[in-house]
Amino acid sequence: MRTITTIGVCLGLLVLNGCYKDEVDVAALNTNPWDPDYTGPAFIEVVDERTAGPFPGGVFNQELTIKVDLSVLPVSSAITLRVVDQATGIAFDPVPQQAPGSDTFEFIHFNVTPGVETCYAIAVEVQFSTTRSETYCATP
C-alpha cells in the first residue's frame, strides 16, 4: 500500500509540475494592434492630403488618402476607419475601404476653414473592435 501511495504522490507531483506556467507580465502584453496600449509601429498612414474647392457658398473640403498596413491586423473581413475630430470630439461616419481587401481609404471632411489646422484620431474598426488611434493634423 505504501508503494502505491508513493507512486501516486510522485505521479501527482509530476502532473502538477507539467502544468506550471511562467508568470505573465500583463504590462508587456502590448503587441496586439487591437490593444489600446499597443506599442508597435504605426500601421495607419495618411499618404495624401488635398483641399478641394471652393464650392458654391465658398465651401472647402479636406480630403485625406489613408493607407493601413493590413499585415499587422489578423482579420479577413471588411474593415472601416473611425475618424474623430480631436478639437470637437465629433466622430465622422465610418470610412469604408475603397474596395474589399484594399488597404486604401478616402476620407472627406466637408466644409473646413482654410488655414485652420484640424487634428484627427484615426483608428481601424472591425465589427465591435477598435485599434489604437493614430493622430494626424492637417491645415487646408
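The values are calculated or read from the model by the stated rules, or taken from the named source; none is laboratory data. Being a predicted model, the structure only gives us computed values, none of them experimental. Cβ placement follows ideal geometry from the backbone for every residue including glycine, while neighbour counts extend to all protein chains displayed.
Quick one: would you say residue 42 is over 22 Å from residue 119 (Cβ atoms) and at pLDDT below 95? If you could, list the steps in order and put the result at the bottom.
Details: over 22 Å from residue 119 (Cβ atoms): no; at pLDDT below 95: yes.
For residue 42, the condition - over 22 Å from residue 119 (Cβ atoms) and at pLDDT below 95 - is not met.
The condition of being modelled with pLDDT under 95 and either surrounded by fewer than 11 Cβ atoms within 10 Å (Cβ to Cβ) or more than 30 Å from the chain's Cα centre (by Cα) (or both) holds for only one of 30, 17, that being 17. Going residue by residue through the stretch 75-95, is there one that turns out to be under 12 Å from the mean Cα position of the chain (by Cα) and of a type in the set (Asp, Glu)? Looking through the stretch 75-95, none of the residues is under 12 Å from the mean Cα position of the chain (by Cα) and of a type in the set (Asp, Glu).
On inspection, residue 49 qualifies as at pLDDT 80 or above and within 30 Å of residue 131 (Cβ to Cβ).
Considering only the stretch 75-111, state which residues are touching a Phe, Trp or Tyr at 6+ places or on another chain (Cβ under 8 Å) and either part of a loop (DSSP other than H, G, I, E, B) or free of Cβ contacts under 8 Å to residues at least 12 places away in the same chain (or both). Within the stretch 75-111, 86, 92, 98 meet the criteria.
Is it the case that the stretch 95-114 has a residue that's surrounded by 14 or more Cβ atoms within 10 Å (Cβ to Cβ) and touching a His at 6+ places or on another chain (Cβ under 9 Å)? Looking through the stretch 95-114, none of the residues is surrounded by 14 or more Cβ atoms within 10 Å (Cβ to Cβ) and touching a His at 6+ places or on another chain (Cβ under 9 Å).
In the stretch 49-74, which residue that is more than 18 Å from the chain's Cα centre (by Cα) and not in a strand (DSSP E or B) is surrounded by the most Cβ atoms within 10 Å (Cβ to Cβ)? Only one residue tops the list, namely 58.
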